[in-house]
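*Asks:* Have a look at this one.
The values are calculated or read from the model by the stated rules, or taken from the named source; none is laboratory data. Predicted, not measured: the structure shown is a model, and the values here were computed from it. Quick reminder, even Gly has a Cβ in these numbers, built from the backbone with ideal geometry, and neighbours come from all protein chains shown. Keep in mind that these areas ignore ligands, DNA and RNA; they rest on the heavy atoms of the full protein, side chains included. Shrake-Rupley method; radii C 1.70, N 1.55, O 1.52, S 1.80 Å.
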Amino acid sequence: MDETSDEPPTSAVILDSGCFSQVIFNNVEKCYAPGGDVTCHYTLTHNIVPRGKDWVGIFRVGWKTTREYYTFMWAPQPSDVHGNTAVQQQIQFKAYYLPKDDEYYQFCYIDQDGMIRGASVPFQFRAETEDDILVVTTQGEVEEIEQQNKNLLKENEELQANCASLQKQNTDLQEDLKKTQELQNVLEFLRSSTEKMELELNSLKEENKHLKELNECREAELHQFKEQIQNVTSEKEHLETRLKTALDHVDQLQSQLLSYEKEIEDLVRSDQDKTKQCESLKEENNQLCMTITQKEEQKKELQHCLEHLKGTEADLTLRLQNEQKQNNDLMKELEEQRCLFQTLQAKKKKSDEENQKLRKENDSLLRCLSQPRDVSPSSVVSQAQAFAPAPENFVFGNPYHDAGANWKARARGIDSIRKCPICNDVFPDDIEARDYEAHVQSHLLECPVCNEAFEKSNQQVFDDHMLCHSLERF
C-alpha cells in the first residue's frame, strides 16, 4: 500500500479504450525481481491535463474497476506543461509495498475523477533463474507461453471493449440523468414561477380594483372640493367688496376725525382768547362775572359735547366693525327702521324748520352787528334789549335787564360790543370777523353728508339725522 494515509479517488465505472491511450507506459519489463524497488516510466500526451489528485496504481490482471488496485503512488506534477507537448514522467514504487506472488500485474494511470487514462502491458514479480532460462529456450514451451500471451491479450482486448461499451452507456446514462434533472429543476422552477405569477396577478387584480374604487372616491372628493372652492371664492369676493366699502367708510371717518380735531384745536384757541377777553371784561364790569361763569360752564359743556362726539365716533367705528355681524339683524329690523326713519324724517323736517328760523335770526343779527358804528346809544340799547334773554333764563338775573340808569351809564361802551345770538356772549367791536364766526360755529354741529347745521343743544336731533343717513345707505 501507499506510504500516505489518503485514499486515491476511484470509480466503479471503467472508461472506454480510447482513454487508455492518453498516458503511455514505457520500458515495462516482463519480470521484476521481488524485494527490489520498481521504477515506472510513462509519457503524458497532449490529450490529458494533469491534476493534483492523479495517481499511478498497480493492478492484478483481470481487474474490473479502479477500486481493485494493489498499491498506488501520487502522480507528480510536471514543472512545465505545454498544450501540444508530451511530458516524460517516472515513479518509483518501494519494494515493501509491492506484491509477493508471481501473478501478472500492470501499471494504470488514474485521474482525480477515478477514471483510467492509460494502462501498461502485464508483468510479473519473480526472479529469473537458469532453469527458467533453459526452459524458455525449449521451443514448445515458448510457443505455449506465446499462445497464453495471445489469449491473455485477446481476453484483455475483449474486456477493454466491454468496458468501453459499458463506460459509454454509463456516460450516456449520466448525461441523460443530468439532462433529466436539469429539466426537472427547470420544470419545478417554472411551476413555482407560475404560482408566484398567479399570486401576483391576483394581488394586482385586487389592487387594481381597490385603486379603481379609490379613484372614484378621489374624483367625488375632487368634485366636492371644486364646488367648495367656487363657494369660497364667491364668498371671498363678496367679503372683499364689503371690506373695501368698510375701509372707504373708515377712511371717510378718519378724515372727519381729522377735521374734528382741527376744529377742536381752533375751539381751544378760541377758548383761550375768550378767557383773556373775559378777564379784561371782568375788570370793567363786575356783572359780567356771571356771564364768564356761564362761559366756563358752556366750555365744560363744549368739552362734554366733544367727548360725546368722540364717543359717537367710537360707536360708529364699533358699528362699522360689527356691521357685518349685524347685517342679518339689520335686515330683520329693516321694517322697524323704516317706520323709525319716517318718524325721524318728520323730526328732521321739524328741526330743519327750526334751523332755518335760527339761521334767519343769525343772519339778521349779523346784519345788525355789521351796520356802521355811528348808531346812537339808545338804538344799541334797544337792540341789546331785543336780543337779551328774559331775566328768568339767568341764575342771578339778566345783567342787561337793569334799570335805564345802568344802560344809559354804559351806553358809550355798548356801541363797541358784539353779542353771540346763541350763548349771548359779548365781544368787543374790534374783534375779527373770522374769530366771531368761529365762535358762532362752535355752537353748531354740521352734518358731514349734507352740510346741514344743528345747534349743539339739539344733540338728539343731530344723532337722529345721522342715523337717517346711515339707514339711507342700506
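*Asks:* State, to one decimal in nm, how far the label point of Asp113 lies from the label point of Cys31, with both points 7 Å from Cα in the Cβ direction.
*Replies:* Reported label-point gap for Asp113 and Cys31 is 4.0 nm.
*Asks:* At 0.36 nm per residue, and after removing the present C-alpha to C-alpha distance, how many nm does the segment from Asn156 to Asp172 gain when stretched out fully?
*Replies:* 3.4 nm
*Asks:* Something else: Given a 1.4 Å probe and every protein chain left where it sits, what share in percent of the accessible area of segment 187-322 is carbon and sulfur?
*Replies:* Within segment 187-322, the accessible surface is 54 percent carbon and sulfur.
*Asks:* In addition: Kindly identify segment 19-75 as rounded, prolate or oblate by the Cα gyration tensor criterion: order the square roots of the eigenvalues as a ≥ b ≥ c, call it rounded if a/c is under 1.5, otherwise compare a/b with b/c, prolate if a/b is larger, else oblate.
*Replies:* Prolate.
*Asks:* Follow-up. If DNA, RNA and ligands are ignored and the probe is 1.4 Å, what is the ranking of Asp101, Asp37 by accessible area, most exposed first?
*Replies:* So, going from the largest accessible area down, we get Asp37, Asp101.
*Asks:* Give the distance, in whole Å, between the Cα centre of segment 233-309 and the Cα centre of segment 146-174.
*Replies:* Cα centroid to Cα centroid, the span is 141 Å.
*Asks:* Ok, one more. Pop the C-beta distance of Ser470 and Asp430 into the FRET formula with R0 = 35 Å and round what comes out to the nearest 0.05.
*Replies:* Between Ser470 and Asp430 the formula returns 0.20.
*Asks:* Under 17 Å Cα to Cα from Lys205, which lysines show up? Leave out anything in the same chain fewer than 8 places away.
*Replies:* Once the sequence-local lysines are set aside, what remains near Lys205 is Lys196.
*Asks:* Moving to a separate point now. State the extension gain, in nm to one decimal, for the chain segment bounded by Tyr260 and Gln441, taking 0.36 nm per residue of separation less the distance between their alpha-carbons.
*Replies:* Difference between extended and current length: 63.9 nm.
*Asks:* Past 28 Å, Cα to Cα, is the threshold; run Lys282/Lys350; Lys53/Lys168; Lys276/Lys349; Lys53/Lys94; Lys262/Lys299; Lys236/Lys310 against it and keep the listed order.
*Replies:* Exceeds cut-off: Lys282/Lys350; Lys276/Lys349; Lys236/Lys310.
*Asks:* Another question, then. Starting with the highest mean, order 202-209, 350-357, 451-458 by the number of other Cβ atoms within 10 Å, averaged over the residues of each peptide.
*Replies:* Averaged packing, sorted descending, gives the order 451-458, 350-357, 202-209.
*Asks:* For a test of the definition: using alpha carbon positions, the gyration tensor, and the 1.5 limit on a/c, classify segment 417-474 as rounded, prolate or oblate.
*Replies:* The shape class here is prolate.
*Asks:* In what sequence, largest accessible area first, do Phe341, Phe123 appear using a 1.4 Å probe?
*Replies:* Result, largest first: Phe341, Phe123.
*Asks:* With all protein chains present, calculate the accessible area of Val186 using a 1.4 Å probe and round the result to the nearest 10 Å².
*Replies:* Counting only protein heavy atoms, the figure is 80 Å².
*Asks:* Name the residues whose placed amide hydrogens come within less than 5 Å of the amide hydrogen of Thr71, ignoring near sequence neighbours (fewer than 5 apart) on the same chain.
*Replies:* Result for Thr71 returns Ile58.
*Asks:* With each pseudo-label sitting 7 Å past Cα toward Cβ, what's the His223-Lys196 distance in nm, one decimal?
*Replies:* Reported label-point gap for His223 and Lys196 is 4.3 nm.
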